[in-house]
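Enquirer: Before I ask anything, here is the structure I am working with.
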Amino acid sequence: MTLLAAEGVTLAYGATAVVHDVTLAVDEGGVGLIGESGSGKTTLARALLGLMRPRSGVVRYGAGDLARLGRAGRAEFRRAVQPVFQDGSEALDPRMTAGASITEALTTHHRMSGAERRDRVAALLADVGLDPALAARRPHEMSGGQRQRVAIARALAVEPRLLVLDEPTSALDVTVQARILDLLERLAAEHGLGYLLITHNLGVVGRLCRTSSVLFAGRVVESGPTRELLTRPAHPYTRALRDAVPRLGGEPPRAAGRTEAAAAATGCPFRLRCPLAVDRCREATPQAREVEGRKVACHRAEEVLHTPASSAPRVPHGGETPDAPRQ
Amino acid sequence: MTAPALTTLRRTPLRRLAGVDRLAVAGAVLLGVVVLAALLAPWIAPYPGDGGSATHPLEALLPPSGAHWFGTDQVGRDVFSRVLFGARTSLLIAVAVLAVSGVAGVVLGVVAGYAGGWARDVIMRVTDIFLAFPALLLSLALAVVLQPSVTTVIVAIAVTWWPWYARLTASVAASVATRGFVDSARCLGVPAPLIVLRHVLPNSLTPVLVQLSLDGGGVILTAAALSYLGLGAHEPTSEWGLMVQQGQSLFTTDWWVVTFPGLAILVTAFSFNVLGEGLRARLSR
Amino acid sequence: MNLISVRDLVVRIGDRVIASVPELDVAAGECVALVGESGSGKTTTLLSTLGLVHGADVRGRIMVGDVDVLTASPARLREIRGSRAALVMQSPQAALNPTMRLGTLMSRALARHGVKGADARERAEEGVRAVLLDPEILRRYPHQVSGGQAQRFAIALALALGAQVVLADEPTSALDVTVQAEVVAVLRRLRDERGLAVLLVSHDLALVSTIADRVVVMRDGAVVESGSAAEVFARPSDPYTRELIAAVPELPEAVPAPPEPADLHEGEGP
C-alpha cells in the first residue's frame with residue numbers, strides 16, 4: 001500500500017525550479033532515490049516531509065493531499081512520517097542531551113509521567129544499540145555513529161510508519177556506515193517500517209531497496225527494480241553512476257567525463273554529458289516509458305540495455321578537454 | 001550578588017575564559033569591582049550622606065587627602081563617595097537599557113528570523129527606520145521632550161538600542177531556522193512557538209549576549225553624555241556624567257572634581273568592552 | 001627511488017601517541033594509501049611529511065626527496081610545500097583566494113618561482129591539461145568552478161610548479177561518485193605517465209583498491225597491517241582490515257548484455 005507519494009511534483013526556490021514533474025511512491029518496504037549533489041533529491045525529501053510546498057503537483061499522504069490536511073490529519077502525518085538526516089550533529093539540538101531530544105519526540109503527541117519517559121528513552125536507546133547512559137550526553141560528546149543512532153531513536157519515538165532517510169550514512173566512516181545500515185534494516189523489519197532512502201551511493205540502495213528511482217537535474221530518468229537498475233541500467237546516466245562506483249578489487253572506476261556540463265535546458269537534460277547523444281536528443285525531450293520492466297526517459301534506452309558495459313566511453317585522455325563552459 | 005547567579009557565571013562564560021584571555025578576565029574583574037561598589041555604596045562610602053543632597057560649605061573643593069581620597073566638590077561633598085553612588089546610577093541605567101532593548105530586540109528578532117515572509121518584512125522595515133536616525137540625536141530629541149530624569153535616560157537610550165539587537169538576532173535566528181534540528185522538530189509536529197522557545201531562541205542567544213556585554217560601555221557613555229547635557233540625571237543624584245559637567249569648569253584649578261568621575265566612566269566602559277571582546281573571541285571559536 | 005621516506009615516526013600530544021609509523025616509503029610512479037577511520041592517525045601521518053603537524057611532538061626521520069623535513073629550515077620547508085609536493089585536501093575551494101582568477105593564482109605562484117611571461121602561461125596551460133581541465137578554467141574565479149574542478153586545479157597548480165609528490169587527504173569524500181571517478185582517473189594517470197609519487201589518505205577501501213599499489217592500514221594511531229594492495233585485499237591478516245573490507249557495500253555485477261548495435265562502440269578507449 002502506498003503511504004506517501006509525489007504526483008507530478010515541481011519544486012522551486014523563487015523562480016528556479018529544481019525538481020520537475022516528479023512522480024514517486026513510497027510503500028511498505030524500501031524505496032531508493034539516487035541522485036548526486038544538485039539533483040534536487042534533498043528538496044524532494046523536504047516536500048515529502050511537508051517542509052516545503054510544491055509549486056505544482058501533489059504530495060499525497062494516504063488518500064489525502066498533504067497541503068490540504070486538517071489539523072488532525074496533519075498531526076497524524078507528523079506521527080507517521082519521520083526524517084533521518086545526513087548528519088546527526090546537525091539533526092540534534094547542540095544544547096540538548098540525547099535524552100532531552102528523544103523526550104521531546106515522546107511528549108509531542110502524548111502525555112507521559114517522568115518514570116514512563118525515562119523508561120521509554122532507555123528502551124529506545126537500547127533498541128538502536130546504545131547504552132541508555134548516553135541519554136545524559138550532548139551531541140558534541142558523542143561520536144558520529146552514536147549521534148546518528150540517537151537521531152534514529154528520536155525518529156522512532158513517535159512510532160512512525162515510514163522514514164525518510166536523507167543520506168543517513170554518508171557523513172560516517174565506512175564500518176560505522178555498515179553498522180547503521182544493519183540497524184536500519186533490522187528496525188525496518190521489526191517495526192514494519194516503510195522507508196525512502198535518498199543517497200548517491202548505489203551500493204547502499206542495492207542493499208536496502210527493492211525499487212529505486214534515479215534523479216538527474218530534478219527529473220526522474222529511470223525507475224524500477226533496484227537490482228535491474230544496477231545490473232542492467234537502461235539510462236546512460238544510471239550506467240555512468242554505476243560505472244563510477246569503485247569496487248573492491250574491481251576495475252578502476254570509469255570516469256564518465258564532462259561531469260561539469262550543465263543540464264540542458266531543451267531536449268534531453270542529460271544530453272550534454274551523454275556519450276550516446278544524437279540529434280534526436282537535442283530536438284525532443286524523452287518522456288518516461290516502459291522498457292523491459294522499468295520506466296526510463298531516454299530515446300536510446302534499448303540500445304543502452306543491449307550494449308556491454310565495457311564499451312562505455314572512458315574519460316578522454318590527452319589534451320582534449322571534457323569540460324563544457326558553465327552557463 | 002546571589003549565589004545562583006555566581007554559579008551560572010562560573011559555569012559558563014567566565015570559567016571558559018579563565019586562562020584564555022587575560023585582558024577579558026581583567027575586564028570582568030574590574031566590572032566586578034564596579035558592581036560591588038554600586039551594591040555596597042551605602043556601607044563602604046566614607047560619607048554616605050554625600051551621595052545625595054548633603055552640603056558642607058566649609059569643606060568645599062578640598063584636594064585629595066587621607067580624609068577625602070578623591071577630594072571634595074563645590075559644596076563640600078566627598079567625591080569618592082559620590083563616585084561610588086554614581087556607579088549605582090550608571091549600572092542601573094546600563095542594566096535597564098540592556099534588559100529592555102535586549103528583550104525587545106531578541107523577541108522581535110527571533111520572530112522575524114524564524115517566521116520569515118511578511119512578519120520579517122514588517123519587523124525589519126520598522127527596525128530600519130529606527131536605525132536610519134543617528135542614535136544620539138534620537139536619544140537627545142526624546143530626552144528633550146520628556147522630563148530630565150534617570151528614567152528618561154533609560155527610555156531614550158533603549159529606544160535607539162533595540163533595533164541593533166533585533167537585526168542581529170533576526171539574522172542569527174534565520175540561519176538557525178534552517179538547521180536540521182529545527183526541521184526535525186517541525187517533522188515531529190512540535191508547534192511553532194515551542195520550536196522558537198526550545199530550539200531557535202537558545203541557539204541564537206550567544207552572539208546577542210556578546211553584543212550586550214560589548215554595548216554596556218556604550219550605554220554608560222551615552223547616559224553620561226545625556227546627563228552631561230542636562231537631559232538626564234539631575235542634582236542631587238550622583239551620576240558620573242553630571243559630575244563631569246558640574247566639575248568641568250574647575251578642571252584647571254580643582255582637577256579632582258572632574259577627573260575621578262571621568263576615570264570611573266572610562267574604566268567601566270573599558271571593562272565592558274574588553275569583557276565583550278573576550279567573550280566574542282572565545283565563543284566564536 | 002623513494003620520494004617520501006618515513007622511519008620511526010612517532011607523533012605525540014602530551015603522553016598520547018596519535019600516530020606511530022615505523023616505516024613508510026613512496027617511490028616515484030607509485031601510489032601508497034593510508035587507510036583507516038577518523039582518529040586512526042592517517043591524516044596526522046600525511047601532514048607530518050610536510051611538517052604541518054602543530055602543537056604535537058614529532059619524532060623520527062621524514063625525508064621528502066633529499067630534504068629531512070624535521071630538521072629543514074623554514075625556507076626549505078616552504079619550498080617543499082610550495083613546489084615539490086602537492087597537498088590535496090577535502091575542500092580545495094577553501095584554499096583558493098576567492099578574489100583572484102585561477103589563472104592569476106597560478107601565475108603568481110609561478111612568478112614566486114621565477115617563471116614569468118609566456119613561459120608561465122605555457123606551464124599553466126600544460127598543468128591544467130594534465131589534469132584533464134580546459135585551460136579556459138584559468139579565466140574563472142574559484143566560486144565559478146565545481147568541487148571536482150577545484151580539486152583538479154589544486155593538483156594542476158602543484159604540477160606547474162614541478163611537484164613530484166602528491167599528498168591527497170580524503171580528496172574525493174566530498175564529491176559525487178562520478179566526479180570522484182574523474183579525480184581518481186587523473187591521479188592514476190599522473191602516477192603512470194609522469195611517475196608521480198602519490199600518498200593517499202582515505203577511509204574508502206573500495207576507492208583505495210582501484211588506485212593504490214601498496215596499502216597501510218592504521219587504527220588508533222598504529223599501523224595494523226601493510227603490504228601490497230593485492231595481497232592485503234585478497235588475504236587480510238588483521239581482523240580490523242577484514243572488518244573494513246566487509247563494510248564496503250557490494251554492488252551486483254553488471255549482467256553482460258548481448259553486444260548488439262555496433263555503432264555504440266565509437267567511444268571505446270584504447
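The values are calculated or read from the model by the stated rules, or taken from the named source; none is laboratory data. Quantities reported herein were computed from a predicted structural model and do not represent experimental measurements. Here the Cβ is made from the backbone with ideal geometry for all residues, glycine too, and neighbour counts use every protein chain on show. Just so you know, the surface numbers come from the protein's heavy atoms only, side chains and all, with ligands and any DNA or RNA stripped out. Shrake-Rupley method; radii C 1.70, N 1.55, O 1.52, S 1.80 Å.
Enquirer: Taking 10 Å² as the minimum loss, tell me which residues in region A:35-65 lose that much accessible area going from the chain by itself to the full protein complex (1.4 Å probe).
Expert: Buried by 10 Å² or more upon assembly, which counts only protein chains, are A:Glu36, A:Ser37, A:Arg46, A:Leu51.
Enquirer: Can you give the convex hull volume per residue for the Cα atoms of the protein assembly as shown, as a whole number of Å³?
Expert: 222 Å³
Enquirer: Let me ask something else. Quick check for me: using +1 on Lys/Arg Cβ and -1 on Asp/Glu Cβ, what's the dipole size of the protein assembly as shown about its Cα centre, in debye to the nearest 20?
Expert: Result for the protein assembly as shown is approximately 1140 debye, rounded to the nearest 20.
Enquirer: Still on this structure: Residue-wise, which Karplus ³J(HN,Hα) couplings in Hz belong to region B:222-232, taking 6.51 cos²θ - 1.76 cosθ + 1.60, θ = phi - 60°, and x for glycine or proline?
Expert: Here the 3J(HN,Hα) series is 5, 4, 4, 4, 5, 5, 4, 7, x, 9, x Hz.
Enquirer: Right, here's the next one. How high is the FRET efficiency between C:Asp238 and A:Arg210 when r is their beta carbon distance and R₀ equals 41 Å, given to the nearest 0.05?
Expert: Taking R0 as 41 Å, the efficiency between C:Asp238 and A:Arg210 is 0.70.
Enquirer: Also: Suppose a student asked you for the relative contact order of chain B, using Cα pairs under 8 Å spaced at least 6 residues apart; what percent would you report?
Expert: Relative contact order for chain B comes out at 25 percent.
Enquirer: What residues does region A:201-215 have that are buried by at least 30 Å² of accessible area in the full protein assembly compared to the chain on its own, 1.4 angstrom probe?
Expert: For region A:201-215, once contacts with the other chains are taken into account, A:Gly203 lose 30 Å² or more.
Enquirer: Normalised by the number of residues in chain A, what is the relative contact order in percent for Cα pairs under 8 Å and 6+ residues apart?
Expert: 18 percent
Enquirer: Which value in deg cm²/dmol, rounded to the nearest 500, describes the helix-derived mean residue ellipticity at 222 nm for the protein assembly as shown, given -39,500 (n - 2.57) per DSSP H run of n ≥ 4 and division by the residue count?
Expert: So the calculated ellipticity at 222 nm is -14500 deg cm²/dmol.
Enquirer: Can you list the equivalent-ellipsoid semi-axes of region C:1-98, largest first and in whole Å, using the square root of 5 times each Cα gyration tensor eigenvalue?
Expert: Working from the Cα gyration tensor, I get semi-axes of 20, 18, 15 Å.
Enquirer: Report the Cα centroid-to-centroid distance between region C:61-88 and region A:149-185 in angstrom, as an integer.
Expert: Comparing the Cα centres of region C:61-88 and region A:149-185, I get a distance of 44 Å.
Enquirer: Another question about this same structure. Can you pull out the buried accessible area for chains C and A, both sides counted, probe 1.4 Å, rounded to the nearest 100 Å²?
Expert: Buried area between the two chains comes out at roughly 4800 Å².
Enquirer: Net charge near C:Tyr240: determine it from the other residues with C-beta under 10 Å of the C-beta of C:Tyr240, scoring Lys and Arg +1 and Asp and Glu -1.
Expert: Neighbour charge sum, excluding C:Tyr240 itself: -3.
Enquirer: With the crude spin-label approximation of a point 7 Å out along Cα→Cβ, what separation in nm comes out for C:Leu70 versus B:Ala281?
Expert: Using points 7 Å along Cα→Cβ, the separation is 3.4 nm.
Enquirer: Running Debye on region A:146-229 with equal point scatterers at the Cα sites and no solvent, what base-10 log of I(q)/I(0) appears at q = 0.14, 0.18, 0.19 Å⁻¹?
Expert: The Cα Debye sum returns log10 ratios of -0.50, -0.81, -0.89.
Enquirer: Rg to Rh for region C:65-189: what is it, with Cα atoms only and Rh by Kirkwood?
Expert: On the Cα set of region C:65-189, Rg over Rh gives 0.96.
Enquirer: With the full set of protein chains in place, find how many percent of the accessible area of the protein assembly as shown is carbon and sulfur; take the probe as 1.4 Å.
Expert: 57 percent
Enquirer: Enumerate the whole-percent occupancy of each 5 Å bin, from 0 to the last occupied one, for all C-alpha pair distances of region A:44-148.
Expert: Per 5 Å bin, starting at 0, the Cα pair percentages come out as 2, 11, 18, 18, 16, 14, 11, 7, 2, 0.
Enquirer: When the scattering of region A:79-206 is computed by the Debye formula from its Cα atoms alone, each counted once and equally, what is log10 I(q)/I(0) at q = 0.13, 0.16, 0.21, 0.22 Å⁻¹?
Expert: So the normalised log intensities work out to -0.47, -0.72, -1.27, -1.40.
Enquirer: Continuing with the same structure: Got a sec to turn the phi values of region C:75-80 into Karplus ³J(HN,Hα) couplings, 6.51 cos²θ - 1.76 cosθ + 1.60 with θ = phi - 60°, whole Hz, x for Gly and Pro?
Expert: 5, 5, 4, 4, 5, 4
Enquirer: While we're on this one: Quick one: the Cα spread of region B:161-285 along its three principal axes, in angstroms, biggest first?
Expert: 72, 30, 18
Enquirer: What is the ratio of the Cα radius of gyration of region B:108-221 to 2.2 N^0.38 Å, with N the residue count, to two decimals?
Expert: Normalised by 2.2 N^0.38 Å, the Cα Rg of region B:108-221 equals 1.25.
Enquirer: I'd like the antiparallel share, as a percent to the nearest 5, of DSSP beta bridges with both residues in region C:2-254.
Expert: 55 percent
Enquirer: At 1.4 Å probe radius, can you tell me the per residue accessible area of chain B in Å²?
Expert: For chain B, the per-residue accessible area is 47 Å².
Enquirer: Out of residues 5 or more away from B:Tyr47 or on other chains, whose amide H comes under 5 Å of its own, with H placed 1.01 Å from N in the peptide plane?
Expert: For B:Tyr47, the qualifying residues are B:Ser81.
Enquirer: Semi-axes, largest first, in whole Å: what does sqrt of 5 times each Cα gyration tensor eigenvalue give for region C:2-254?
Expert: With the √(5λ) rule applied to region C:2-254, the semi-axes are 30, 23, 15 Å.
Enquirer: Just to verify a number: FRET efficiency for A:Leu51 and A:Glu290, C-beta to C-beta distance, R0 = 30 Å, to 0.05?
Expert: That pair, A:Leu51 with A:Glu290, gives E of 0.40.
Enquirer: List the residues, sorted by chain then number, that are 5 or more residues from A:Arg219 or on another chain and whose placed amide H is less than 5 Å from its amide H.
Expert: A:His20
Enquirer: Can you work out ³J(HN,Hα) from phi for every residue in region B:115-124, in order, using Karplus 6.51 cos²θ - 1.76 cosθ + 1.60 and θ = phi - 60°, giving whole Hz and x for Gly and Pro?
Expert: Running phi through 6.51 cos²θ - 1.76 cosθ + 1.60 with θ = phi - 60° gives 6, x, x, 5, 4, 5, 4, 4, 4, 6 Hz.
Enquirer: On alpha-carbon atoms, Rg over Rh for chain B using Kirkwood Rh?
Expert: Using only Cα positions, Rg/Rh for chain B is 1.05.
Enquirer: Net charge near C:Val17: determine it from the other residues with C-beta under 15 Å of the C-beta of C:Val17, scoring Lys and Arg +1 and Asp and Glu -1.
Expert: +1
Enquirer: Averaged over peptide A:89-95, how many Cβ atoms belonging to another chain are found within 10 Å of each residue's Cβ?
Expert: 6
Enquirer: For the protein assembly as shown, give me the percentage of DSSP beta bridges that are antiparallel, rounded to the nearest 5 percent.
Expert: 60 percent
Enquirer: Near the amide H of C:Ala86, under 5 Å away, which other amide H atoms are found, from residues 5 or more places off or on another chain, if H is placed in the peptide plane?
Expert: Hits under the 5 Å cutoff: C:Val165, C:Val166, C:Leu167.
Enquirer: Still on this structure: Using the heavy atoms of the protein chains and a 1.4 angstrom probe, tell me the accessible area per residue for chain A in square angstrom.
Expert: Heavy-atom SASA per residue in chain A reads 40 Å².
Enquirer: Mind checking the per residue accessible area of region C:2-254 for me, 1.4 Å probe, whole number of Å²?
Expert: 40 Å²
Enquirer: Normalised by the residues of chain C, what does the relative contact order come to in percent, with Cα pairs under 8 Å and at least six apart?
Expert: After rounding, I find 25 percent.
Enquirer: Taking every pair of alpha-carbon atoms in region B:215-254, what share in percent sits in each 5 Å bin, from 0 to the bin with the longest distance?
Expert: 6, 27, 27, 20, 14, 5, 1
Enquirer: Provide the buried accessible surface between chains B and A in square angstrom, both chains summed, 1.4 Å probe, rounded to the nearest 100.
Expert: 1700 Å²
Enquirer: Give the Rg/Rh ratio for region A:1-83, taking Rg as the radius of gyration of the Cα atoms and Rh as the Kirkwood radius, to two decimals.
Expert: My calculation puts Rg/Rh at 0.95.
Enquirer: With chain A treated as a Gaussian network of Cα nodes joined by springs under 10 Å, which of A:Ala80, A:Ala151, A:Ala264 yields the largest mean-square fluctuation?
Expert: Looking only at A:Ala80, A:Ala151, A:Ala264, the biggest GNM fluctuation is shown by A:Ala264.
Enquirer: If you don't mind, there's one more thing I want to ask. Tell me, which residues of region C:172-214 get at least 50 Å² less accessible area when the other protein chains come in, versus the chain alone (1.4 Å probe)?
Expert: Residues passing the criterion (a loss of at least 50 Å², heavy atoms only) are C:Asp176, C:Val177, C:Thr178, C:Ala181, C:Glu182, C:His203, C:Thr210.
Enquirer: Above 18 angstrom, tally the Cα pairs of region B:110-166 and express them as a % of all pairs, no decimals.
Expert: Here the tail beyond 18 Å accounts for 41 percent of pairs.
Enquirer: Just to be sure I understand the curve: with the Debye formula and one point per C-alpha of chain A, what is log10 I(q)/I(0) at q = 0.10, 0.14, 0.15 Å⁻¹?
Expert: -0.62, -1.12, -1.24
Enquirer: Quick check: net charge around B:Gly49, other residues with Cβ under 14 Å of its Cβ, Lys/Arg +1 and Asp/Glu -1?
Expert: Spelling it out: positives minus negatives among the neighbours equals -2.
Enquirer: With the crude spin-label approximation of a point 7 Å out along Cα→Cβ, what separation in nm comes out for B:Thr253 versus A:Arg227?
Expert: In this crude label model, B:Thr253 to A:Arg227 measures out at 10.6 nm.
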